[in-house]
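Read the structure below first, then the notes.
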Amino acid sequence: MFASIEEAVEYWKDELSYVEDAKIIGYEGGYPIVEFTIKDAAWDLVKDKKKFPRIVRSSEMEGGIEVGVSTCFYKTASLEWNPPVMRICGYPEVINRILNKVM
């Protein structure tokens, strides 16, 4: 579990090989919006946009269970993919799960 969103952003920049840059660009409904620049070589790894709603929902559920709130994260996350930029809004644990599932 991440102590803060800033710690999570640093983790993603350092640990994920397909992320060139990650930064917080704002907040929506109290949840951070993180913008990732995905390396060109990894674009083919991104799942089909049709699968995004399912990925987001399952990540909300699993991330909520991880932090102990279960279904309270329902409809709190979002995912946008406009190559090379991916924007994900949500709780840090939810964002982390979305990243792992979408790539």
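Some observations on this one:
- Qualifying position, being open to solvent by 20 Å² or more (accessible area, probe 1.4 Å) and either in a strand (DSSP E or B) or not aliphatic (A, V, I, L, M) (or both), among Glu10, Glu60: Glu10
- Residue in the range 63-91 that is most open to solvent (accessible area, probe 1.4 Å), counting only those that are part of a helix (DSSP H, G or I) and not β-branched (Val, Ile, Thr): Cys72
- Filter pass, Ile33 being open to solvent by less than 70 Å² (accessible area, probe 1.4 Å) and at pLDDT 95 or above: yes
- Residues of the range 40-57 classified as surrounded by 15 or more Cβ atoms within 10 Å (Cβ to Cβ) and either in contact with a strand residue (DSSP E or B) (Cβ under 6 Å, 6 or more places away or on another chain) or assigned to a loop (DSSP other than H, G, I, E, B) (or both), total: 3
- Among residues of the range 28-53 that are in contact (Cβ under 8 Å) with a residue 60 or more places away in the chain and of a type outside the set (Val, Ile, Thr), those with a Cβ under 6 angstrom from a residue that is open to solvent by less than 70 Å² (accessible area, probe 1.4 Å) and part of a strand (DSSP E or B), sequence gap 6+ or separate chain, pair up as Glu28/Cys89; Tyr31/Cys89; Pro32/Ile24; Phe36/Val19; Phe36/Ala22; Phe36/Met86.
The values are calculated or read from the model by the stated rules, or taken from the named source; none is laboratory data. The shown structure was predicted, so the numbers you read here are calculated from the model rather than taken from an experiment. Cβ atoms come from the backbone with ideal geometry, glycine included; neighbour counts cover every protein chain shown. Note: areas computed on protein heavy atoms with side chains; ligands, DNA, RNA excluded. Shrake-Rupley method; radii C 1.70, N 1.55, O 1.52, S 1.80 Å.
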